[in-house]
Amino acid sequence: MKIFTKVVDLNLELDLLRQQNKIIGFVPTMGSLHDGHISLINACSEYNDITVVSIFVNPTQFNNANDLKNYPRNIDKDLSILQATNTTILFFPDNDEMYPEKDERVFKFDNLENILEGAFRPGHFNGVAQIVSKLFNIVKPNNAYFGQKDFQQLTIIKKLVTQLNLNINIVACETFRESDGLAMSSRNLLLSDEYRAVAPKIYKYLKDSALKIKNNSIEEIKKYVIENINSERLLKVEYFEIVNTETLSAVDNWDNSTQIIGCIAVFAGNIRLIDNIRYN
Ligand code: AMP
């Protein structure tokens, strides 16, 4: 694995590889790698000649300074994890490299950026679009891999690629979970033992709701999930919405011809966890 911290050096390497007609796959991350990230890297290395992984904790997508400060970072551990994968190139830039000047760009995604996560994390998706557009511009991958755990992010990235006329295939990967069902997340490291013990309830109630969807209204399903999770002493639902998988607009009633997904954000103490469940 080659490690680059400068865009100019990475560009030289990637230009060479492109001249050799290598197919380039890309997995952008914020580090603190876990098996969810590894599943993306494995999918990438299976279908591409070159697997580029980036690690960059992007300040512009954090709407909360404490969240940015406390975001887990462990580059030494990440390096040893990556060494055990088929990663060809790690791009590990610093802030000055990614933002040589202030990024003033404003992205709009047909209001998708203002709902669900966007409603509670103002500016978050603008920051995501800023960094992902820069990374796409630098790496110019053939294929880029994103997790369905961040379903809204995935939807917005597909729109970004369309808006910018980028010739990049976006590959959506399944959510990787701990054995107790908790969606893997770098933020899980921040959970104390008692919060970690209760956090799997989030997915438990999401899964239960999928069994109930046929015989209950959307309103009843929402109530079921929210009330049950809130009844756990250490969990507090920030939002739970059932939306169309294409438009992300809320659905009031459901027939099997519409693909729907339940998206949730829950506070376990100060730690904010997100997850989702497909209902069909
Ligand atoms: P992050 O480092 O949290 O920004 O995530 C980098 C990429 O990994 C994003 O595309 C995420 O959606 C994806 N990812 C994060 N957690 C998981 C998971 N548990 N399973 C699959 N992909 C994930």
- Cα centroids of the stretch 204-280 and the stretch 20-77: how far apart, whole angstrom? 27 Å
- Task: Specify whether the C-alpha gyration tensor of the stretch 150-237 places it in the rounded, prolate or oblate class, a ≥ b ≥ c being the square roots of the eigenvalues: rounded for a/c under 1.5, otherwise prolate if a/b is larger than b/c and oblate if not.
- Result: oblate
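Sum up the charges of everything whose Cβ sits under 10 Å from the Cβ of D180, counting Lys and Arg as +1 and Asp and Glu as -1, but leave D180 out. Provide the component values of the computation, followed by the final result.
Numbers: positive: R177, R196, K201, K204; negative: E178.
For residues surrounding D180, the net value is +3.
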- Apportionment of accessible area to carbon and sulfur, the chain, percent (1.4 Å): 47 percent
- Message: Could you work out the relative contact order of the chain? I mean the mean sequence separation of Cα pairs under 8 Å and 6+ apart, divided by the number of residues, in percent.
- Response: 17 percent
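Between L68 and D35, what length in nm is gained on full extension when 0.36 nm per residue of separation is reduced by their alpha carbon distance? Could you put the intermediate results ahead of the total?
Numbers: separation 33, 0.36 × 33 = 11.88 nm, distance 2.20 nm.
Taking L68 through D35 to full extension adds about 9.7 nm, to one decimal.
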- In Å and whole numbers, how far do the C-alpha atoms of the stretch 185-280 stretch along each principal axis, longest first? 42, 24, 17
- Task: Take the chain, connect every pair of alpha-carbon atoms lying under 10 Å apart with a spring to form a Gaussian network, then pick out the residue of E227, E174, E194 with the largest mean-square fluctuation.
- Result: E194
- Using 11 Å as the cut-off for backbone N distance, which residues of the stretch 215-235 belong to the label zone defined by a point 7 Å from the Cα of D208 along Cα→Cβ? 224-232
- Could you pull the accessible area for L166 with a 1.4 Å probe, rounded to 10 Å²? 60 Å²
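For n ≥ 4 DSSP H runs only, could you compute -39500 (n - 2.57) per run for the chain, divide by its residues and tell me the 222 nm figure to the nearest 500? All intermediate terms of the calculation are to be shown ahead of the outcome.
Details: 11 runs with 109 residues, N = 280.
Counting only the DSSP helices, I get -11500 deg cm²/dmol.
According to the square roots a ≥ b ≥ c of the eigenvalues of the Cα gyration tensor, what is the shape class of the stretch 115-271, taking rounded for a/c under 1.5, prolate for a/b larger than b/c otherwise, and oblate for the remainder?
Numbers: a/c = 2.08, a/b = 1.40, b/c = 1.49.
Oblate shape, in that a/c is at least 1.5 and b/c is the bigger or equal ratio.
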- If a/c stays under 1.5 just call it rounded; otherwise compare a/b with b/c (prolate if a/b is bigger, oblate if not). Do that for the stretch 11-60, with a ≥ b ≥ c from the square roots of the Cα gyration tensor eigenvalues. oblate
- Item | Distance in nm between pseudo-label sites at D180 and E219 (7 Å out along the Cβ direction from Cα) | 3.5 nm
- Please arrange S39, S179, S217 by accessible surface area, largest first, computed with a 1.4 Å probe and ligands excluded. S179, S217, S39
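Working out 0.36 nm times the residue gap between N95 and S231, then minus their Cα-Cα distance, what length gain in nm do you get to one decimal?
Working: separation 136, 0.36 × 136 = 48.96 nm, distance 4.15 nm.
So the extension gain works out to 44.8 nm.
Over the stretch 139-207, what is the mean sequence separation of C-alpha contacts under 8 Å (at least six apart), divided by residue count, expressed as relative contact order in percent? Walk me through the numbers before you get to the answer.
Values: 58 pairs, mean separation 20.3, N = 69.
The value is 29 percent.
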- Note the full-extension length gain between R278 and A172 as 0.36 nm times their separation in residues minus their Cα-Cα distance, in nm to one decimal. 36.8 nm
- What ratio of Cα Rg to 2.2 N^0.38 Å holds for the chain? 1.02
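The values are calculated or read from the model by the stated rules, or taken from the named source; none is laboratory data. The model shown is predicted, which means the values in this text are computed figures rather than measured ones. Note that we place each Cβ from the backbone using ideal geometry, even for glycine, and neighbour counts take in every protein chain shown. In case anyone asks, the SASA skips ligands and DNA or RNA and just uses the protein heavy atoms, side chains included. Shrake-Rupley method; radii C 1.70, N 1.55, O 1.52, S 1.80 Å.
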